[in-house]
Amino acid sequence: MTRTPLIAGNWKMYKTERQAEEYIQALLPRVSAVNGVDVAICVPFTDLRAMVDSARGSRVEVYAQNMHHEPEGPFTGEVSAPMLSELDVRGVVLGHSERRALFGETDKALALKVPVALAAGMVPILCVGETEEERDGDETDRKLRQQIRDDLAAVPGERLADVVIAYEPIWAIGTGRVASPEQAQEAIAFIRALVGDRDSEAAQGTRILYGGSVKPDNAAELLALADVDGALVGGASLQAESFAQIVAAATP
Ligand code: 13P
């Protein structure tokens, strides 16, 4: 089964609407000739409407960075799936390690959120990964097994291939320390095997991204790995030029 690579830029809490407009005007011409790779930018809520409007008709899709599982309710400060999908938001990052570590995101909440995103027609990018301490303690497999099991528990087998998984070793996020190709391939093949334990056919279709200090100069090597189906890019996605270079590196 061929899996279309996905290059997703996670802006995190960067860019006002005005800055986002400048960015998208710079990005669109740089990726207009690209074929065979899906491109997404995951932007702050306040930038969603402007980015959806500006990217309409292009190959760039606009994703959010978080979502509540309830459609509406007394949840101050939260945003729901219907609110996102009505804006034509195509996907959402769920369970980023920053949300887990800084904002109390739990596996229990993620087990609710992932199927809700799918039901709303959005692509969930579920983030998983180990801390440096867990890697040093040989706990990487245990952590990944637990996150994949718990966070995807309520996703039926026939929808598993519609979930994008991002393997983001926490020690490689924003540190400039990138996983070695061997580490990335090993962890991502392990994640694919875990999905395969649920549904072997789905595992062949599930896109699994690498995230953590992906830059234009290391992207090609990571993206060439057998099980790596794209990248979730933080810092290097904030400049249209470097993000476009990573998109070009993913082009088959
Ligand atoms: P960096 O690319 O800045 O390391 O961030 C990775 C990340 O967290 C993407 O979600």
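Rule-based calculations on the coordinates, nothing more; no lab input. Note that the coordinates shown come from a computational prediction; the quantities given were computed from them, not determined experimentally. All Cβ positions, even for glycine, are placed from backbone atoms using ideal geometry, and neighbour counts span all protein chains on display.
Brief remarks follow.
- Residue-averaged 222 nm ellipticity for the chain, from DSSP H runs of 4+ at -39500 (n - 2.57), nearest 500: -12500 deg cm²/dmol
- Sites matching GluC sites (Glu not before Pro) across the stretch 15-101 that sit in DSSP coil, with at most 11 neighbouring C-beta atoms within 10 Å: Glu72
- Residues whose amide H comes within less than 5 Å of that of Ala166, counting only those at least five positions distant or on another chain, are Leu126, Cys127, Val128, Leu209 (H built at 1.01 Å from N in the peptide plane).
- Nearest-0.05 FRET efficiency for Arg149 and Glu72, computed from C-beta distance (R0 51 Å): 0.95
- Label zone at Ser58 (point 7 Å along Cα-to-Cβ), backbone N below 20 Å, the stretch 110-129: 123
- Under-5 Å amide H pairs with Val233, H placed in peptide plane, nonlocal only: Ala8, Gly9, Asn10
- Using distinct alpha-carbon pairs, which all enter the 1/r mean, Kirkwood radius of the stretch 73-187 in Å: 15.2
- Cα-centre dipole for the stretch 176-235 with unit charges at Cβ (Lys and Arg positive, Asp and Glu negative), debye to 20: 220
- Dipole size of the chain about its Cα centre, with +1 on Lys/Arg Cβ and -1 on Asp/Glu Cβ: approximately 440 debye, rounded to the nearest 20.
- Distance from the alpha carbon centroid of the stretch 113-135 to that of the stretch 14-89 works out to 17 angstrom.
- Positive-pole candidate from Leu102, Ser58, Val89, dipole of the chain, charges at beta carbon: Ser58
- Per-peptide average of other Cβ atoms within 10 Å, ordering 172-185, 206-219 highest first: 206-219, 172-185
- For the stretch 1-160, the Stokes-Einstein estimate of translational diffusion at 25 °C and a viscosity of 0.890 mPa s comes to 146 µm²/s, using the Kirkwood hydrodynamic radius over alpha-carbon pairs.
- Chymotrypsin sites (Phe, Trp or Tyr not before Pro) within the stretch 1-89: DSSP coil, no more than 16 neighbouring Cβ in 10 Å: Tyr14, Phe75
- Spatially close Lys pairs in the chain, defined by Cα atoms under 28 Å apart and a spacing of eight or more places or different chains, total 9.
- Relative contact order (%) - criterion: Cα under 8 Å, at least six apart; region: the chain: 22
- Relative contact order for the stretch 150-211: 52 percent, from Cα pairs under 8 Å spaced at least 6 residues apart, divided by residue count.
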